[in-house]
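*Asks:* Shown below is the structure under consideration.
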Amino acid sequence: MNILLKSATISAPSNTSIHNKKRDIHIKNGKIEKIASRITPANGTKEIKLDNLHVSIGWFDTSVSFGEPGFEERETLENGLKVASKSGFTDILLNPNTNPIPDTGSDIVFLKNSAKATITNLHPLGALTVKSKSEALAELFDMQTMGAVGFYDFKKPISNSNLLKIALLYAQNFNGLVFSYPEDVAIKGKGTVNEGEVSTRLGLKGIPALSEELQIARDLYVLEYTGGKLHIPTISTAGAVKLITEAKKKGLDVTTSVALHNICLTDSELESFDTSFKVNPPLRTTKNNKALLKGLLNGTIDYITADHRPIDIEEKRVEFDNAAYGTIGLESAFGTLNNLIGLEDTVNCLTKGRARFNIPLPQIEEGVLANLTLFNPDGEHTFNYDNILSKSKNAIFLNRKLKGKVYGSINNDKMVLNV
């Protein structure tokens, strides 16, 4: 690859000499050769000129699901990684919700090998317990040795407190990161949506905030006792934000994330009984959304995620109670977030936090490997079916106004553009 990005506005807050400056960027053989106000292209150099081109380090998402192996009708690894790269994401954590569930070192090797020579770097999560049944720990050390960056029974809480205690103690031997999904199954019962006025009016069984908060409180007590590293994915309540805030003040090594739709949308969307809005954790209320957004912007919540989860149409176009949970979100993540909090905070939210998972942080500097996202932060458009790149079409932000456009990404000596 030998390309020249012309007149790109660089978003790089850590490098004040180029931050918000318009520069030409020459990339050759995967490396940033030169950054200057004006570069005259040599023979064989391909010029990239795009309207209002902006560049940042590549974006990062901590909760992405595809389907392969086992659920290729939802999404394949090949197409899923193309979706990620075209959506601006050069690094993703892949959730362990396939068939078979990746709970051995060889499973991690398969996933890593399947993602070789792609633009987007795939960082697999291994199951915390064998077959994610919350009965016995999986091969955590072996999986980490083979490339797993954490251990997670996807969207399944660890009901056995002692098992969580053992996991946190054991993982400290190799600096492993334990995930714990915040849901008390006894409190949740048969609930499918947020417990409140909307669920009562619609006759849908509710999931109270208590289900999430009780589990988080337990997890934090166990963490305080054992030490170790804990990640609590996709919180959805104001009470959860408060609990995480207090834990961090105590010095506990805990991080957390929030799904973009849990900040932008409320359970009022359920009035139509559209199963696109059936997600877990469920859409809650404006009060919770405001607390989550505040927590994200002040750093209490470490990550924003699209919580991308393709589901094929047969599992969505059924009665609401029987529909599968999940939405795709990579394609709409930037435009939704940019519309909500503006460019500076959006880029910060989409690029921070790789160190938690031992993933190198890219830089925009001469002589380093190019890991970049290309985008235009301006202009509004309506997200429609033509914008969906995934095999599955279960998009929660369908027909909503987004701000900005992702042009593509550059990584691993490859480039993909949506123009």
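*Asks:* Tell me the chymotrypsin sites (Phe, Trp or Tyr not before Pro) within segment 322-419 that lie in a loop according to DSSP and have at most 13 other beta-carbon atoms within 10 Å.
*Replies:* Here no loop site has a sparse enough neighbourhood.
*Asks:* Which whole-number percent gives the relative contact order of segment 77-124, counting Cα pairs below 8 Å spaced six or more residues apart?
*Replies:* 56
*Asks:* Counting other Cβ atoms within 10 Å, which trypsin sites (Lys or Arg not before Pro) in segment 273-330 have at most 14 and lie in a DSSP loop?
*Replies:* Sites meeting the loop and neighbour criteria: 317.
*Asks:* Could I ask something else about it? Counting only other residues whose beta carbon sits under 11 Å from that of residue 299, what net charge do I get with K and R as +1, D and E as -1?
*Replies:* After counting each charged neighbour, the total is +2.
*Asks:* Classify segment 347-410 from the C-alpha gyration tensor, please: rounded if a/c falls under 1.5, else prolate or oblate depending on whether a/b exceeds b/c.
*Replies:* Here segment 347-410 falls in the prolate category.
*Asks:* Still on this structure, I have one more. Given the protein chains as shown and a 1.4 Å probe, how many square angstrom of residue 231 are accessible, to the nearest 10?
*Replies:* Probe radius 1.4 Å; accessible area of residue 231 about 0 Å².
*Asks:* I need the GluC sites (Glu not before Pro) found in segment 75-135, filtered to DSSP loop residues with at most 12 other beta carbons within 10 Å of theirs.
*Replies:* 135
*Asks:* Also: Restricting to bridges with both residues inside the chain, how much of the DSSP beta-bridge set is antiparallel, in percent to the nearest 5?
*Replies:* Of the beta bridges lying entirely in the chain, close to 50 percent run antiparallel.
*Asks:* Any chance you could look up the accessible area of residue 130 with a 1.4 Å probe, heavy atoms only, rounded to 10 Å²?
*Replies:* About 60 Å², rounded to the nearest 10.
*Asks:* Using Cα-Cα distances under 8 Å and only pairs 6 or more residues apart, what relative contact order does segment 163-266 have, in percent?
*Replies:* 29
*Asks:* Can you tell me, using C-alpha contacts under 8 Å and at least 6 residues apart, the relative contact order of segment 282-385 as a whole percent?
*Replies:* Relative contact order here is 19 percent.
*Asks:* Ranked from highest to lowest mean number of other Cβ atoms within 10 Å per residue, what is the order of the peptides 342-348, 206-212, 96-102, 358-364?
*Replies:* Sorting 342-348, 206-212, 96-102, 358-364 by mean packing, highest first, produces 206-212, 96-102, 342-348, 358-364.
*Asks:* Excluding same-chain residues fewer than 8 positions from residue 190, which lysines have a Cα within less than 28 Å of its Cα?
*Replies:* 131, 133, 155, 156, 165, 205, 242, 278, 287, 290, 316, 393
*Asks:* Residue 133 accessible area, nearest 10 Å², 1.4 Å probe?
*Replies:* Accessible area of residue 133: about 120 Å².
*Asks:* Per residue, what volume in Å³ does the Cα convex hull of segment 37-119 take up?
*Replies:* Normalising the Cα hull of segment 37-119 by residue number yields 142 Å³.
*Asks:* Now for a different question. So what is the orientation-averaged projected area of the chain, using the convex hull of its C-alpha atoms, in nm²?
*Replies:* About 19.1 nm², averaged over all directions.
*Asks:* Share of segment 322-419's accessible area from carbon and sulfur, percent, 1.4 Å?
*Replies:* The value for segment 322-419 is 47 percent carbon and sulfur by accessible area.
The values are calculated or read from the model by the stated rules, or taken from the named source; none is laboratory data. Bear in mind the structure is a predicted one, so any value in this text is a computation, not a measurement. Positions of Cβ are generated from backbone atoms using ideal geometry, with glycine treated the same way; all protein chains shown enter the neighbour counts. Note: accessible area is taken over every heavy atom of the protein model, side chains too, but ligands, DNA and RNA are not part of it. Shrake-Rupley method; radii C 1.70, N 1.55, O 1.52, S 1.80 Å.
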